[in-house]
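A.B. asks: Structure provided below as structure tokens; questions to follow.
The values are calculated or read from the model by the stated rules, or taken from the named source; none is laboratory data. Fair warning: this is a prediction, and the values are worked out from it, not measured in the lab. Glycine also receives a Cβ, built like all others from the backbone with ideal geometry; neighbour counts cover every protein chain displayed.
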């Protein structure tokens, strides 16, 4: 293994091969809250960063905590004893008294304000002197001010599995002594005999509860570094991705941040094409085999038991999980006929999935669950409405949607939608049906599925469908915003109406019915207009939309606009923007000739006001900000501008880390939802080239045939793990995804 220092912190690499990712400290590993006071008084900031010395507060202001290095106000002396003994706390010279119990070791104190530490078991030692060790114990030594232990936050263990994490020390002089002072049973710290600046923290089976460990490192002269390490075990540990390898396309199921990388054995790893985690995170289904000879495998992620599903198929054409994770639907071909079927997941451990009855089906697309009852799909067919079940010549290659209902004994005969569309067709499922969306028609159709034949309802003014699928929105330049039920069509009454217009729709949140828009408003003076961002909360019970305006709007270029925003309809068009899932955060961007500006607002308290803003650095990237995604914890925001990926803190505008400058350039988002629902500017996170783990600790992205997993628990000094992942072309889907939370 090699260790190197770059201008952003430590970077550690090891030979690139599958199962052993490259590790890098991608953030500013030595970032301090105030660089002017970051280093020792006789060392410049640049030299501090170059040498990798520990950032610390001014020594005269108080002691450095003997456990974690954090600043604290020392007491005026006194007695302190702990498990196995401990040296005296910081205090005036000679005023402290440290007790060392038999068989223990003393922990050193640090110089306090105007005083000196008394260490070891001696009483009233002179400044800087160490007291003698207690009977059978050892005295703690002076603090190693130049020592640094990395990573500051080791990767979290996976509950129940073996765990290893390599710790690295720099500063001081070799050889180093490594000690685990306090730890629950089973934990050990094993020095690396060939690399004296490294030791491995390990346990055979990690617990499920939080763990606190205390580590001490003593360098050759006797100076010591003491650290407390807190670990929070993970319950969702798996990450899956497809890549092209020498033997063909392959699926890897790994714990990406374990050391060494843990990979689950898959029976059909080579030749795998695509995969789907169940929504509850308990299973992984994947498709494998040569083209027109694909089959399905199912992996239990708790036991890693694997089964090949047998539909008596020649090959599987599509598969999808039901929202409740109880059914794995599959479209398959057998003896020249295509069917829709499903496997029902077992209730008991180790039981085989039960196959439900299949029905012949016209499937030439993915399959989509509508609730847990229907499966929808579409094909290149033009129905003859005068002769049910018959089809007309189709020179325009129009596509028709179908659905199959799942009953107690299996799928019933498929149902045909009464309308067809020219390509390209997108199906968007809702709770009671699905939308057929296309750029080839001005009349998006909602297909309602119930106890009778499918019913189609047209909505010529549809602008956006809520992520929940319950509502659609209609906006006009001079008319109030109107919200319609998804089941309603042209001529139906709105379920909620606003008191004012807001013509440019921006986004709709996914967990609450809140939408954002922008409107140009006349300036109070000097003529002209400025843009105001407005939010509407749907109150269907009272048929109203509660309106709130984001404070801080101003006229661009005016003195009052410092720290505010001028976000006009024209500047909003084509710009990336997004809600967090809860609707409590909203971010939007504005691109001008020389810069891209990012704004974000915390909407958890009224009145709504701008929380932060930033002018994104270009560094040669002059493209639009095309994608953004909030972390599930709503602490961070991921931003892609051209090839650059940046992680921004939502609570500190000055806290950000550039994660990559080599992403594939993504196409600008679309303002026309019916033609590109997954690329719509307000839904840009749906098609993101990066993803978050459910616990918000990990980020995944792909660049230059390399898949990178970033652990952000030590932000702003995240650690990255990289894996070779050559793009598949048509051989596989180039997917990557974290195991969902239950």
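A.B. asks: Checking residue 416 against (1) at pLDDT below 90; (2) closer than 18 Å to residue 376 by Cα; (3) not in a loop (DSSP other than H, G, I, E, B): exactly one of these is not met. Which one?
C.D. replies: The failed condition is (1).
A.B. asks: Would you be able to say whether some residue in the stretch 283-299 is under 30 Å from the mean Cα position of the chain (by Cα) and in a loop (DSSP other than H, G, I, E, B)? Break it down into steps so the answer makes sense when it comes.
C.D. replies: The first filter runs over the stretch 283-299 and keeps only residues under 30 Å from the mean Cα position of the chain (by Cα), leaving 283-288, 296-299.
Retained after the next criterion (residues that are in a loop (DSSP other than H, G, I, E, B)): none.
There is no residue in the stretch 283-299 that is under 30 Å from the mean Cα position of the chain (by Cα) and in a loop (DSSP other than H, G, I, E, B).
A.B. asks: Which of the residues belonging to the stretch 394-413 are surrounded by 21 or more Cβ atoms within 10 Å (Cβ to Cβ) and in contact with a strand residue (DSSP E or B) (Cβ under 6 Å, 6 or more places away or on another chain)?
C.D. replies: Correct list: 399, 400, 401, 402, 403, 404, 411.
A.B. asks: Do you know which residues across the stretch 391-407 are free of Cβ contacts under 8 Å to residues at least 40 places away in the same chain and either in contact with a helix residue (DSSP H, G or I) (Cβ under 8 Å, 6 or more places away or on another chain) or under 21 Å from residue 367 (Cβ atoms) (or both)?
C.D. replies: 391, 397, 398, 399, 400, 407
A.B. asks: Moving on to the next point. Select from the stretch 484-496 the residues that are at pLDDT below 90 and assigned to a strand (DSSP E or B) and list them in ascending order.
C.D. replies: If the condition is that a residue be at pLDDT below 90 and assigned to a strand (DSSP E or B), then 484, 485 are the ones that fit.
A.B. asks: Take residue 266 and decide whether it is on the phi < 0 side of the Ramachandran plot, in a loop (DSSP other than H, G, I, E, B) and without any contact (Cβ under 8 Å) to a residue 24 or more places away in the chain. Please lay out each step first, then the result.
C.D. replies: On the way: on the phi < 0 side of the Ramachandran plot: yes; in a loop (DSSP other than H, G, I, E, B): yes; without any contact (Cβ under 8 Å) to a residue 24 or more places away in the chain: no.
No: the conditions fail for residue 266.
A.B. asks: Got at least one residue in the stretch 512-535 being surrounded by fewer than 19 Cβ atoms within 10 Å (Cβ to Cβ), assigned to a loop (DSSP other than H, G, I, E, B), modelled with pLDDT of 90 or more and in the same structural domain as residue 581 (by TED's automatic domain parsing)?
C.D. replies: Yes, that holds for at least one residue.
A.B. asks: From 606, 627, 658, which residue is surrounded by fewer than 17 Cβ atoms within 10 Å (Cβ to Cβ), outside any loop (DSSP other than H, G, I, E, B) and either modelled with pLDDT of 85 or more or outside the structural domain of residue 537 (by TED's automatic domain parsing) (or both)? Steps first, answer last, please.
C.D. replies: Values: 606 fails: outside any loop (DSSP other than H, G, I, E, B); 627 fails: surrounded by fewer than 17 Cβ atoms within 10 Å (Cβ to Cβ).
Sole residue among the options that is surrounded by fewer than 17 Cβ atoms within 10 Å (Cβ to Cβ), outside any loop (DSSP other than H, G, I, E, B) and either modelled with pLDDT of 85 or more or outside the structural domain of residue 537 (by TED's automatic domain parsing) (or both): 658.
A.B. asks: Could you tell me which numbered condition residue 220 fails, if it satisfies all but one of (1) over 22 Å from residue 701 (Cα atoms); (2) outside any strand (DSSP E or B); (3) touching a strand residue (DSSP E or B) at 6+ places or on another chain (Cβ under 7 Å)?
C.D. replies: Here residue 220 clears every test but (3).
A.B. asks: Considering each residue of the stretch 575-603, count those that are surrounded by fewer than 19 Cβ atoms within 10 Å (Cβ to Cβ), in contact with a strand residue (DSSP E or B) (Cβ under 8 Å, 6 or more places away or on another chain) and not in a strand (DSSP E or B), and give that number.
C.D. replies: Selection size over the stretch 575-603: 3.
A.B. asks: Considering only residues that are within 8 Å of residue 495 (Cα to Cα) and crowded, with 16+ Cβ neighbours inside 10 Å, which ones fall in the stretch 538-553?
C.D. replies: 544
A.B. asks: Among the listed residues 285, 331, 358, 297, identify the single one that is closer than 23 Å to residue 239 by Cβ, in the same structural domain as residue 246 (by TED's automatic domain parsing), in contact (Cβ under 8 Å) with a residue 40 or more places away in the chain and in contact with a strand residue (DSSP E or B) (Cβ under 9 Å, 6 or more places away or on another chain).
C.D. replies: One residue alone meets the criteria, 285.
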